[in-house]
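Asker: Quick one: structure below, then a few questions.
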Amino acid sequence: MAFAVPTVVCGTWVFVPLVEDVGARWGAASASGAAVAALAVLWGQGFATSDGTAGDATVRPPRVEASGERAVAVAGPVKGNISTGDSGSPRAAPPPTAPRPAPGPRTADESAAPGSVTASGERSVAANGGVEGHITTGDQPEEGPRA
């Protein structure tokens, strides 16, 4: 279509008053069609190879949010252990903290960027990447009494 439409339009209407020879007119019309088709191919190739951020002046980084008590949110790979619960050793009770408000709905400006991670429950873990280690939440019963 990118070649045919400009070739026919130029050969039947645009170049008729400019070029009297029929062979020369259709030759010029074919060259015009080829030029328009080449531009269309380059334009389409630009869309096909773009990552979707072209023209977006505000590219947001991934959002990492841990709003629950002892929650962990990690946007990249984890090389180690993550523990959100009790380790089995005696410890003093943590000081009381005010509960965090639950995150509300996001507006269009706050929409999550690709790769965003949210951990909102108590002792929740959210990881967007490989984990080389152990993740424990302390929800498993400990063996034996604690001293």
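Asker: Can you give the extra length, in nm with one decimal, that the chain gains between ALA4 and LEU18 once fully stretched, where that is 0.36 nm per residue apart less the Cα-Cα distance?
Answerer: 3.0 nm
Asker: Show me 23-31, 119-127 ranked by packing, highest mean number of other Cβ atoms within 10 Å first. Provide the component values of the computation, followed by the final result.
Answerer: Details: 23-31: 15.2, 119-127: 17.3.
So the peptides 23-31, 119-127, ranked by packing, come out 119-127, 23-31.
Asker: Per residue, how much accessible area does region 1-54 show when a 1.4 Å probe rolls over the protein heavy atoms, in square angstrom?
Answerer: Using a 1.4 Å probe on heavy atoms only, each residue of region 1-54 averages 69 Å².
The values are calculated or read from the model by the stated rules, or taken from the named source; none is laboratory data. Model, not experiment: these values are computed from the prediction. Ideal geometry is used to build each Cβ from the backbone, glycine not excepted, and the neighbour counts take in all protein chains shown. Protein only, heavy atoms only, side chains kept; ligands, DNA and RNA dropped before computing areas. Shrake-Rupley method; radii C 1.70, N 1.55, O 1.52, S 1.80 Å.
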